[in-house]
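The values are calculated or read from the model by the stated rules, or taken from the named source; none is laboratory data. Since we're looking at a predicted model, the values are computed, not measured. Cβ sites come from the backbone with ideal geometry, for glycine too, and all protein chains shown count toward neighbours. Surface accessibility is based on the protein's heavy atoms, side chains included, excluding ligands, DNA and RNA. Shrake-Rupley method; radii C 1.70, N 1.55, O 1.52, S 1.80 Å.
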Amino acid sequence: ELGIRIPRPLGHGPSRFIPEKETIQVGNEDAMMHALFAESFATLGRLDNVTLVMVFHPQYLESFLKTQHYLLQMDGPLPLHYRHYIGIMAAARHQCSYLVNLHVNDFLHVGGDPKWLNGLENAPQKLQNLGELNKMLAHRPWLITKEHIEQLLKTEENSWSLAELIHAVVLLTHYHSLASFTFGCGISPEIDCEGGHTFRPPSVSNYCICDITNGYHGVDEIHASPTGSIPVSICLIKSTESVCEVEALMEKMKQLQECRDEEEASQEEMATRFEREKRESMFVCSSEDEESAPTRDVSRHFEDTSYGYKDFSRHGMHVPTFRVQDYSWEDHGYSLVNRLYPDVGQLLDEKFHIAYNLTYNTMAMHKDVDTSMLRRAIWNYIHCMFGIRYDDYDYGEINQLLDRSFKVYIKTVVCTPEKTTKRMYDSFWRQFEHSEKVHVNLLLVEARMQAELLYALRAITRYMT
């Protein structure tokens, strides 16, 4: 009546992939979750949708919030506005406008120069110099060499110190991985963010007239209308197939364990299986593999918009295998980070361990299940896609445990997260709970972050020695 336009949320709930009624409702949470919500609100000034989805796994969320708070707000080598700007640069590489918008607000809040937001060319040369490392880390980290590190550390008045560079590298990998989580879980923008609201008036049934004319009647109406309903027989067939899928996966795990107990493959055979899996991973690509040009709004925050993910052994290019026995997070990366940016190595290490070891000993409707074999297969498959090999792992297990639709989902979320669709999310592990699929995304996020860090830290170590 006063002529004020009132925003309405465009989506329902924190995720486009998970029905709102199946997420944890604020007000119904237990004491631990309540404390995490309060901590997140105090730190971020809002209860964001990433937190509302991550809270399926409170132990991980606590570690994630602690790490992110330390990186963005506690004492460290980089000034606060630089930290948020680096977050913008990293999220923009994956066209993640959700994260870009959050950090644009934070950047301005801590006194950042609005001119920088007009495009990377308006930021200080020192930050512009980080563009090359940003794009390689995001899309082809195996190409990073000590020469790239040397360029950043030796460019006279715009040079980075080692401590600043470590801080920047951790921020870049953190936000590349968080973009994977955002797209992988279908995180919706909050109502006050771009893309999170509409000013169109609601129709009588709470949907816009234009939605109805475009054939969208809302999920509830589809279920209610006899013409839009899915035949019960089809639902039963799908449900039975899904149950069989879970049973088959558990049976494979049991058989693999028995084979493992009976005989162990030779080192040569293990190396052959790794190479085979690495080669096969190149032929896994999403069916939605069309090129999507980044919008001007996001692309102004990075250079070379055509540069994207390419498999590391395509076009006759040979990238040497990265052997974890020669350079690992535990023996090398952790101590380097902790030495140059105290406490961060410890925080990252804790977060990696929680994601990798997190289990409730359940698989869909089954309880008391040891899922360690499955978790290790997912983690090692991601590292295998990055050319990273564990000498003591039998890569033959990956093909047994991860089916093609799951591999497509993993590769898309990890390598080209902006191409993730709800159909991909729905098509893997159909009988599993949403909390289990979110758990998969946590594994993807941390394995990806560790892989990027390993390449960057190895290059820094080589430069130092």
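Annotations
- Candidate set from region 117-176 (those that are of a type in the set (A, V, I, L, M, F, W, C) and in a loop (DSSP other than H, G, I, E, B)); member that is nearest to Ile382 (Cα to Cα): Ile144
- Just one of (1) over 22 Å from Gln59 (Cα atoms); (2) of a type in the set (A, V, I, L, M, F, W, C); (3) in a helix (DSSP H, G or I) fails for Trp379. It is (1).
- Within region 364-382, restricting attention to residues that are over 22 Å from the mean Cα position of the chain (by Cα) and aliphatic (A, V, I, L, M), the residue that is nearest to Thr416 (Cα to Cα) is Ala364.
Okay, residues lined up against (1) part of a helix (DSSP H, G or I); (2) touching a strand residue (DSSP E or B) at 6+ places or on another chain (Cβ under 6 Å); (3) buried (at least 21 other Cβ atoms within 10 Å of the Cβ); (4) not aromatic (Phe, Trp, Tyr):
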position: Leu2; (1), (2), (3), (4): no, no, no, yes
position: His12; (1), (2), (3), (4): no, no, no, yes
position: Glu39; (1), (2), (3), (4): yes, no, no, yes
position: Thr43; (1), (2), (3), (4): yes, no, no, yes
position: Leu52; (1), (2), (3), (4): yes, no, yes, yes
position: Lys66; (1), (2), (3), (4): yes, no, no, yes
position: Ala91; (1), (2), (3), (4): yes, no, yes, yes
position: Leu102; (1), (2), (3), (4): yes, no, yes, yes
position: Phe107; (1), (2), (3), (4): yes, no, yes, no
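- When Met33 is tested against (1) over 16 Å from the mean Cα position of the chain (by Cα); (2) open to solvent by less than 50 Å² (accessible area, probe 1.4 Å); (3) within 22 Å of Met449 (Cβ to Cβ), exactly one condition is not met: (3).
- Scanning region 68-89 for residues that are open to solvent by less than 30 Å² (accessible area, probe 1.4 Å) and under 30 Å from Glu29 (Cβ atoms) yields Gln68, Leu71, Leu72, Arg83, His84, Gly87.
- Some residue of region 119-131 being touching a Pro at 6+ places or on another chain (Cβ under 7 Å), open to solvent by 20 Å² or more (accessible area, probe 1.4 Å) and either modelled with pLDDT of 95 or more or over 23 Å from Tyr455 (Cα atoms) (or both): no
- For region 322-376, filtering for residues that are out of contact with any strand residue (DSSP E or B) (no Cβ under 9 Å at 6 or more places or on another chain), surrounded by fewer than 20 Cβ atoms within 10 Å (Cβ to Cβ) and part of a loop (DSSP other than H, G, I, E, B) leaves 10.
- Output for region 19-37, where each listed residue is part of a helix (DSSP H, G or I) and either in contact with a Phe, Trp or Tyr (Cβ under 8 Å, 6 or more places away or on another chain) or closer than 30 Å to Asp426 by Cα (or both): Glu20, Lys21, Glu22, Met32, Met33, His34, Leu36, Phe37
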